[in-house]
1. At 7 Å along the Cα-to-beta-carbon direction for both K268 and Y218, put a label point, then send me their distance in nm to one decimal.
2. Under 13 Å from a point placed 7 Å out from the Cα of F130 along the Cα-to-Cβ direction: which residues of the stretch 292-324 have their backbone N that close?
3. Give me the one-decimal nm value for the distance between modelled label points at S244 and E284, 7 Å along each residue's Cα-to-Cβ direction.
4. Do any trypsin sites (Lys or Arg not before Pro) in the stretch 106-168 lie in a DSSP loop with no more than 14 other beta carbon atoms within 10 Å, and if so, which?
5. Can you pull the three principal axis extents for the Cα set of the stretch 209-340, in Å, largest first?
6. For H237 and W102, what does the FRET efficiency come to when R0 = 35 Å and r is the distance between their Cβ atoms, rounded to the nearest 0.05?
7. Where does the Debye-calculated log10 I(q)/I(0) of the chain sit at q = 0.07, 0.13, 0.14 Å⁻¹, using only Cα point scatterers of equal weight, no solvent?
8. Hey, what's the Cα Rg ratio for the stretch 238-316 versus the globular rule of thumb, 2.2 N^0.38 Å?
Amino acid sequence: MKRRYYYMDLLNILSTFAVVMLHSSSFAFSNAAGWHWDLAVTLQVLFIFAVPIFFMISGANILDYRTRETTSVFFRKRLKRIAVPFLMWSIVWFLYFNHYDWHYSLLKLNTYNIFIDKFLHGNVQPIFWFFYVIIGFYLSAPVLTRIFNVDNKRTIEYLILLNVIIVALIGYYYQLRQQPALAFESALSIGSAGSIGIFSVGWYLQHFSIGKYKKYLYIFGIFSVICMVVLTIHLSHVRGQYQSNVYSIWGVFGLAWSTTIFYAFKDKFNDWQPSEKVQRIIREMASASLGVYVIHYFMIDHIDRYHLIAVNSIKHMIIVPFVVWGCSILITILIKKIPFLRRAV
């Protein structure tokens, strides 16, 4: 039986909260001035690790799947877990936005063509970009698992190093300069694909210790946060447009901060075995992560659409996330108790 690492559950729970924090601090994108905007930018940077942590957890778990199950079993399980909810909630969100914003007639065939086009291009619900990346990773897993084993440590280190150099450093530099991407970034598609680096880091940190280097990781992680906040505020004012690319998860600072969070939890809780009662609570909350991801934005959109709480207020950026996150977990747990809906979350 595979050992359960509760630090991953804790990271899962933290990341779902981080997602809600990001979407509650969208005032940052207004590129306004004042300390409320500075706070929104800081929150954006602090919680940008949300999706990378999900990717790292997936890398740590999925790239070893051959030790537990066959590829056919792997695909069946992932289809039920991700593909079905992805399609279902895309339909729900399409109907939601169509009711409030788009107003396409459901009696016309072209409306369904529009849905398919939006679905294939990630335009039904923009925050669902996560699904496209994770599904691509699942489809690639049977090949990647042939590479990722402890005997190939040097090969994996080379793959991570290549990704860091091409994407996190050079690619990020040109992105900040608002210049075209380096030609090598697309040419070296295996090693330089942004997501492969994040998945690889999760697997690597799960299997190998960085020992004495961890203090340097922590220092650079904190340094990265400071750099991202300062650069975002400065460049946004200088260029007159919000510079969210400064804290891109593919850049060296975003990657370093996400890696710091992941390793800090692994370092602290790797051998932690909570009481049975605490285990049940943690498992229940961690299992609600997908549900929180697809449900929480309904509440935030409702608040913003009807101007119930000012988007630039402290209440919206600090209080709302806790309420929305808690409600999303409870709703997900309730949905899981309904037989014909439980697979939706």
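1. It works out to 1.0 nm between the two label points.
2. Counting backbone N atoms under 13 Å from the label point, the list is 292-298.
3. Between S244 and E284, the simple spin-label model gives 3.4 nm.
4. Values: sites: K108, K118, R146, K153, R154; in loops: K108, R146.
Counting only loop positions with at most 14 other Cβ atoms within 10 Å, the trypsin sites (Lys or Arg not before Pro) in the stretch 106-168 are K108, R146.
5. Principal axes ranked by extent give 51, 48, 26 Å for the Cα atoms.
6. Details: r = 35 Å, r/R0 = 0.99.
Efficiency at R0 = 35 Å is approximately 0.50.
7. Debye curve over Cα of the chain, log10 I(q)/I(0) at q = 0.07, 0.13, 0.14 Å⁻¹: -0.31, -1.16, -1.36.
8. Details: Rg = 18.4 Å, N = 79, 2.2 N^0.38 = 11.6 Å.
Here the answer is 1.59, to two decimals.
Bear in mind that the values in this text are calculations on the coordinates, not laboratory data. Since we're looking at a predicted model, the values are computed, not measured. Note that each Cβ is placed from the backbone with ideal geometry, even for glycine, and that neighbours are counted across all protein chains shown.
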